[in-house]
Amino acid sequence: MTAAPVLGTEQFTDVHDRYFAAIYRYVAGRLGAQAAEDIAAETFLVAFDRRKTFDASRGDLRAWLFGIATNLVSRHRRKEARRYRALSRLDPREAAEGHESRVVASVTVARLGKALSQLSAGERDVLLLVALGDLGYAEVAEALGISPGTVGSRLTRARKKLTPALAQEASDE
């Protein structure tokens, strides 16, 4: 059996250049722009350190990187949960312009923050990998080490939990 080729330093520079912006956007959507630079950089540091263990026959490089990023984000889960709880207490008119404002459009940051804080960690990971990471079910499954069926189930549960908050906001307009 032949070992998978190891990504060399020069090849890894190409990997960084190709995927950094996508990883950064995903992490920024999860933790905010300030933390995104550090977490995205750490994602590539971890990937570089583990590049010898990457096996292309087991999965896609992009999904592997998003899996690393998601694991790093999970280290910040308490901070993330506190942030969503704080957003739920904000007056939407006082919320600073930022990623949430663009993503949720007509949905207030407060209601979205409250709704996101009600999701389980697994549901939030799946939802935000799809919404912010722009990953498909198979890529999310690979990134989180779960089956595509579990991705679908978690996404369905997350949507069901978010629907009341989104419907309420739409009726308030």
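The values are calculated or read from the model by the stated rules, or taken from the named source; none is laboratory data. In this text, all values refer to a predicted model and were calculated from it rather than measured experimentally. When we count neighbours, we look across all protein chains shown, and the Cβ atoms used for this are built from the backbone with ideal geometry, even at glycine. Please note that ligands, DNA and RNA were not included when accessible areas were found on the heavy atoms of the full protein model with its side chains. Shrake-Rupley method; radii C 1.70, N 1.55, O 1.52, S 1.80 Å.
Can you tell me which residue in region 110-149 is modelled with the highest pLDDT, limited to those that are part of a helix (DSSP H, G or I) and out of contact with any helix residue (DSSP H, G or I) (no Cβ under 7 Å at 6 or more places or on another chain)? Break it down into steps so the answer makes sense when it comes.
So the first thing to find is which residues in region 110-149 are part of a helix (DSSP H, G or I), and the list is 110-117, 121-131, 137-144, 148-149.
With out of contact with any helix residue (DSSP H, G or I) (no Cβ under 7 Å at 6 or more places or on another chain) added as a condition, the list becomes 131, 149.
On the way: ALA131: 85, GLY149: 92.
Once the filter is applied, the top-ranked residue is GLY149.
Hey, any hits in region 14-25 for a residue that's loosely packed, with under 15 Cβ neighbours inside 10 Å, of a type outside the set (A, V, I, L, M, F, W, C), out of contact with any helix residue (DSSP H, G or I) (no Cβ under 6 Å at 6 or more places or on another chain) and touching a residue at least 12 places away in the same chain (Cβ under 8 Å)? Let's see the steps before the verdict.
Filtering region 14-25 down to residues loosely packed, with under 15 Cβ neighbours inside 10 Å leaves 14, 17-18, 21.
From what is left, the residues that are of a type outside the set (A, V, I, L, M, F, W, C) are 14, 17-18.
With the extra rule that they be out of contact with any helix residue (DSSP H, G or I) (no Cβ under 6 Å at 6 or more places or on another chain), the set shrinks to 14, 17-18.
Add one more test, that the residue is touching a residue at least 12 places away in the same chain (Cβ under 8 Å), and what stays is none.
Checking region 14-25: not a single residue is loosely packed, with under 15 Cβ neighbours inside 10 Å, of a type outside the set (A, V, I, L, M, F, W, C), out of contact with any helix residue (DSSP H, G or I) (no Cβ under 6 Å at 6 or more places or on another chain) and touching a residue at least 12 places away in the same chain (Cβ under 8 Å).
Going through THR43, THR53 one at a time, which residue ends up being among the polar types (S, T, N, Q) and either in the same structural domain as GLU139 (by the TED database) or open to solvent by less than 20 Å² (accessible area, probe 1.4 Å) (or both)?
Being among the polar types (S, T, N, Q) and either in the same structural domain as GLU139 (by the TED database) or open to solvent by less than 20 Å² (accessible area, probe 1.4 Å) (or both) holds for just one of THR43, THR53, which is THR43.
Considering only region 139-157, how many residues are surrounded by fewer than 21 Cβ atoms within 10 Å (Cβ to Cβ) and free of Cβ contacts under 8 Å to residues at least 60 places away in the same chain?
Count: 10.
Go through region 119-138 and count every residue that is free of Cβ contacts under 8 Å to residues at least 60 places away in the same chain, buried (at least 16 other Cβ atoms within 10 Å of the Cβ) and within 15 Å of TYR26 (Cβ to Cβ).
5
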